[in-house]
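Encoded as structure tokens, the structure appears first; notes follow it.
The values are calculated or read from the model by the stated rules, or taken from the named source; none is laboratory data. Quick caveat: nothing in here was measured; it's all calculated off a predicted structure. Glycine also receives a Cβ, built like all others from the backbone with ideal geometry; neighbour counts cover every protein chain displayed. Note: accessible area is taken over every heavy atom of the protein model, side chains too, but ligands, DNA and RNA are not part of it. Shrake-Rupley method; radii C 1.70, N 1.55, O 1.52, S 1.80 Å.
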Amino acid sequence: VFLAERRAARSLPPKLAKPEKLASIAIVGGGGIGSGLVVQLLSAGLDVTLIEASEGALAKALARVAHAQEAAEKRGDITADQRLRDWDRLRADQHIAAVGGADLVIEAVPESLSLKSRVLATIGAELESGVPIFSVSCAFDPVDLASASGRPDLHLSLYLTEPVRQATLVEEAG
């Protein structure tokens, strides 16, 4: 594992290998992976914006986050106070423009190349220059996703497993 971590760190583009700051992350897509990422990022003390296209999908995503945190509290992984502080750092929105101001955006929409391409192009247009975009995908060529983002030098594709909190391996392709 140690060698794999070292090799992965060396393979990242320079702009992604050592970010200047990372305090706020936007997650676009609140399915199983997206919601799991929200929980993990909140527990790391980061500000998180969760973006879903519809009110119903956003409500379901927030319910997944709440359920995961309730389970973590029951296991003793977090306290009730930690959970409340996490929710103070969580924003929820239905508009992709809410990615503005994020230090990193993670696209985690369903596995449809046309949907991912459309979402990535919109994200790329909304962000300030220099903000990286990560895509969660196991089905598509990372080069295609990077091109769709409009900022291929700041794009990284990730393959994550569910549940995110138990994942021991993350594959990256840049």
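For this structure, a couple of remarks:
- For the range 54-68, a residue qualifies if it is in contact with an Asp or Glu (Cβ under 7 Å, 6 or more places away or on another chain) and of a type in the set (S, T, N, Q), but none of them does.
- Looking across the range 135-165, the residues that are open to solvent by 40 Å² or more (accessible area, probe 1.4 Å) and either assigned to a strand (DSSP E or B) or β-branched (Val, Ile, Thr) (or both) come down to VAL143, TYR159, THR161.
- Residue check, ALA173 open to solvent by 20 Å² or more (accessible area, probe 1.4 Å) and modelled with pLDDT of 90 or more: no
- Of all residues making up the range 38-56, the number that are part of a helix (DSSP H, G or I), of a type outside the set (Val, Ile, Thr) and within 16 Å of ILE78 (Cβ to Cβ): 4
- The listed residue being among the hydroxyl-bearing types (Ser, Thr, Tyr), closer than 20 Å to SER135 by Cα and modelled with pLDDT under 95, out of SER11, SER43, SER35, SER24: SER11
- Restricting attention to the range 27-49, the residues being of a type in the set (Gly, Ala, Ser) and under 15 Å from ALA59 (Cβ atoms) number 5.
- Residues that are open to solvent by less than 40 Å² (accessible area, probe 1.4 Å) and either of a type in the set (Val, Ile, Thr) or in contact with a strand residue (DSSP E or B) (Cβ under 9 Å, 6 or more places away or on another chain) (or both), drawn from the range 53-65: LEU58, ALA61, VAL65
- Listed by first and then second residue, the pairs linking a residue in the range 105-122 that is closer than 10 Å to SER149 by Cβ and assigned to a strand (DSSP E or B) to a residue that is among the charged types (D, E, K, R) and modelled with pLDDT of 95 or more, with Cβ atoms under 7 Å apart and 6 or more places separating them unless they lie on different chains, are GLU107/LYS116.
- Every pair of residues 6+ apart whose Cβ atoms lie under 9 Å, when the first sits in the range 76-89 and is farther than 14 Å from VAL38 by Cα while the second is of a type in the set (Gly, Ala, Ser) and open to solvent by less than 100 Å² (accessible area, probe 1.4 Å): ASP77/SER43; ASP77/ALA71; ILE78/SER43; ILE78/ALA72; GLN82/SER43; GLN82/ALA72
- Yes/no for SER129 being open to solvent by 70 Å² or more (accessible area, probe 1.4 Å) and over 13 Å from the mean Cα position of the chain (by Cα): yes
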